[in-house]
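The values are calculated or read from the model by the stated rules, or taken from the named source; none is laboratory data. Since this is a predicted model, take the numbers as computed values, not measurements. FYI the Cβ positions are ideal-geometry reconstructions off the backbone, even for glycines, and counts take in every protein chain you see.
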Amino acid sequence: MAKRTIVTMPGDGIGKAVLDESLRVLEAAGFEADYTEGDIGWEFWCKEGNALPQRTIDLLAKHKIGLFGAITSKPKDEAFNELAPELKDKKLVYASPIVTMRQHFNLEYCVRPCKSYKGNPLNFIRRSADGSIEEPMVDVVIFRQNTEGLYGGVEWSDPPQQVYDALLTHQAFKKNFGSVPKNEISVSTRIFTKERTENILRAAFAHARKFGYKSVTLAEKPNVIRETSGMMYKMAQQIQKQDYPEIELWNTNIDAQMMWLTKTPEDYGVIVAGNMFGDIASDGFAGLIGGLGFACSAQWSNDGVAVFEPTHGSAPKYAEYKTSIVNPIAMIESACMMLDYLEEFEISKKIRKAIAQVIFEGKVQTYDMKKMRGSADVINKGAASTTQIADAIIAKL
């Protein structure tokens, strides 16, 4: 049987460091694959004017599975200023390569598990009524619609006249913004479609049933954003009633959800939301399990293309250090999600068990786990390097 080919995309900053260590762990755990590297990120925007070159799109289209490290994105003006001089008259506009990838391959399903590891010194704790310390174990999976909403890319500054005229037909726009000069208006749309909204809702309910979660919580804002959030809530009610009656549907406004996640996070199982609110909720719950160093994610389409990545950024400052200090666990966990997707369950189970043992023992910890401020000298103060954490996990394997 031919080996699978995985497209590795280190991206920017610390992406290469964490991706390299995850590949070492995969190999040590017995996963066999061929790897081909895809170009993506800031370097390719600056020298080619495209952060996601067509050659990388072609690789993903061919091999279907991608492991991605991290990306650097900058505001519009900074992006233009860093373009190669010969490209500055080409009217190029920077677009996030991850958003572009999602939309090109319709990676509409984004799943972000947030599960506590026992012994992690960064786990959320609270005081009980008698003053004692409680450490609730968090086990939440966020399902985020990944291609629509505020990240859909339909936006303008100084909108074209026909767009402006269309907006004026809405009474709220005419009343509140009709007297504002057109060139002082920026518009970002929030578009939900019924098909993709239903897809992410059904994926969330199916996951809850498969893995025994008692509830699905819709974290939107239907009391204010009535057309989009309202549509999603109504559809969730219909799906739950017709097909998943044994699973409770909870409706929590996103702002209230961010309060409740720090009061009773153990009450929640599966969270589902549109693009922006799903992004917010996943970072919030990630903070309860130790931060972005432990936050993994998967995104896939109905056409069989899937990309797995940590949710942290590229941290370019840390990439300059001689010895990498960043926590690779989020990347390794993302690789485990890839293994699950490929139905390599025994290997992913083995890796997660090894991670759990390393964290529980507490002998090898990165600077964030030691609650240090990130700097080049944390290794001299007892923090483990990126490689040393991977070494410890491999030793447990």
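A quick yes/no check of all residues on (1) of a type in the set (Ser, Thr, Tyr); (2) on the phi < 0 side of the Ramachandran plot; (3) buried (at least 24 other Cβ atoms within 10 Å of the Cβ):
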site: GLU248; (1), (2), (3): no, yes, no
site: ALA256; (1), (2), (3): no, yes, no
site: CYS296; (1), (2), (3): no, yes, yes
site: PHE308; (1), (2), (3): no, yes, yes
site: LYS322; (1), (2), (3): no, yes, no
site: SER334; (1), (2), (3): yes, yes, yes
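Scanning the range 21-48 for residues that are within 12 Å of TYR94 (Cα to Cα), buried (at least 19 other Cβ atoms within 10 Å of the Cβ) and of a type outside the set (A, V, I, L, M, F, W, C) yields one hit, GLY41.
Apart from one condition, LYS88 fits all of (1) buried (at least 21 other Cβ atoms within 10 Å of the Cβ); (2) of a type in the set (Lys, Arg); (3) without any contact (Cβ under 8 Å) to a residue 24 or more places away in the chain; the exception is (1).
Close Cβ contacts (under 7 Å, 6 or more residues apart or on different chains) running from residues in the range 268-284 that are buried (at least 21 other Cβ atoms within 10 Å of the Cβ) to residues that are charged (D, E, K, R) and part of a strand (DSSP E or B) comprise ALA273/ARG144; ALA273/GLU220; GLY274/GLU220; ASN275/ARG144; PHE277/GLU220; GLY278/ARG144; SER282/ARG112; SER282/ARG144.
Each row is one residue, and each column tells you yes or no for (1) at pLDDT 95 or above; (2) assigned to a helix (DSSP H, G or I); (3) not charged (D, E, K, R).
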residue	(1), (2), (3)
LYS317	no, yes, no
LYS322	no, no, no
ILE325	yes, no, yes
ALA330	yes, yes, yes
ARG352	yes, yes, no
PHE360	yes, yes, yes
TYR367	yes, no, yes
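Considering the range 166-271, the qualifying helices (runs of 4 or more DSSP H), each wholly inside and each with 2 or more residues that are under 23 Å from the mean Cα position of the chain (by Cα), more than 18 Å from ARG112 (Cα to Cα) and acidic (Asp, Glu), run over 194-211.
Within the group LYS62, LYS74, which residue is surrounded by fewer than 17 Cβ atoms within 10 Å (Cβ to Cβ), in contact with a strand residue (DSSP E or B) (Cβ under 9 Å, 6 or more places away or on another chain) and of a type outside the set (Ser, Thr, Tyr)? Before you say what the answer is, go through the steps one by one.
On the way: LYS74 fails: in contact with a strand residue (DSSP E or B) (Cβ under 9 Å, 6 or more places away or on another chain).
Answer to the selection: LYS62.
Among the residues of the range 156-206, those identified as in contact with a Ser or Thr (Cβ under 6 Å, 6 or more places away or on another chain) and of a type in the set (Ser, Thr, Tyr) are SER157, SER186. Only one of the numbered conditions (1) surrounded by 17 or more Cβ atoms within 10 Å (Cβ to Cβ); (2) modelled with pLDDT under 95 is violated by ILE142, and that is (2). Being in contact (Cβ under 8 Å) with a residue 40 or more places away in the chain and more than 20 Å from the chain's Cα centre (by Cα) is a property that does not hold for LEU107.
Residues to consider are GLU320, GLU309; find the one that is closer than 25 Å to GLY153 by Cα and in the same structural domain as THR386 (by TED's automatic domain parsing).
On the way: GLU320 fails: closer than 25 Å to GLY153 by Cα.
Matching residue, one of GLU320, GLU309: GLU309.
Here THR387 meets each of (1) surrounded by fewer than 16 Cβ atoms within 10 Å (Cβ to Cβ); (2) farther than 24 Å from ARG112 by Cα; (3) out of contact with any Asp or Glu (no Cβ under 9 Å at 6 or more places or on another chain) with one exception, condition (3).
Specify which of the listed residues (LEU122, LEU92) is among the aliphatic types (A, V, I, L, M) and either farther than 20 Å from PRO310 by Cβ or at pLDDT below 95 (or both).
Numbers: LEU122 fails: either farther than 20 Å from PRO310 by Cβ or at pLDDT below 95 (or both).
Result of the check over LEU122, LEU92: LEU92.
Any chance the range 302-310 includes a residue that's modelled with pLDDT of 95 or more, more than 23 Å from CYS336 (Cβ to Cβ) and assigned to a strand (DSSP E or B)? Taking every residue of the range 302-310 in turn, none turns out to be modelled with pLDDT of 95 or more, more than 23 Å from CYS336 (Cβ to Cβ) and assigned to a strand (DSSP E or B).
Counting just the residues of the range 272-301 that are among the polar types (S, T, N, Q) and part of a helix (DSSP H, G or I), which one comes out nearest to the chain's Cα centre (by Cα)? Steps first, answer last, please.
Taking the range 272-301 and keeping what is among the polar types (S, T, N, Q), we get 275, 282, 297, 299, 301.
When the remaining residues are screened for being part of a helix (DSSP H, G or I), the result is 275, 282.
Numbers: ASN275: 10, SER282: 7 Å.
Residue satisfying both the conditions and the ranking: SER282.
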